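To start, the structure itself, in structure tokens.
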Amino acid sequence: MTLSFAILALITLAAAVAAMSLRNLVHCALSLVVTLAGLAALFLQLNAEFVGWAQILVYVGAVAILIVFAILLTRGMEQSAPAPITSSPLWGIGIAAVAFLTIAGALGASLAIRRPLPATPLAAVKSIGERLMNEYVLPLEVIGLLLTAAMIGAVIIAMQEKRP
């Protein structure tokens, strides 16, 4: 593990923890942007350029900014009371432990199976584009329509007048 990978992993992990633990919704959304950008940087460092740039374009450039704008447009002028901390943290600790054990088991199983890396990548960007435009064109169009409908719905919700 290189030093740059460790630094990126720590920044990504710290931003993810901040996104879960901060009380201010805008700060949580901005921490999510840093987390997604850190994941993209990790993909780029692992020589998965297509996935890394797609992560930046789709998640950091579109979804995260959409979340920030939706929060800013739909928030009222009055400040709401902070959410109370649950009195039973055992559920959260239990779920986190199960998730950690699942990920650790999957990682252990993948490390146990050592395969030599292919000399050329199996999925080139050209083949991904060809498959998207040939085999998966209908799901791609449906996702585009769904995202357009979600954006129109967010604008309609944001534009509604407040009733006294």
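Quick notes on this structure:
- Residue identified as modelled with pLDDT under 80 and not in a loop (DSSP other than H, G, I, E, B) among L32, L13, L72, L101: L72
- Matching entry among I7, I56 (being within 13 Å of the chain's Cα centre (by Cα) and either modelled with pLDDT of 85 or more or assigned to a helix (DSSP H, G or I) (or both)): I56
- Residue satisfying all of: in the stretch 124-153; of a type in the set (S, T, Y) and assigned to a helix (DSSP H, G or I); modelled with the highest pLDDT among these: T148
The values are calculated or read from the model by the stated rules, or taken from the named source; none is laboratory data. Being a predicted model, the structure only gives us computed values, none of them experimental.
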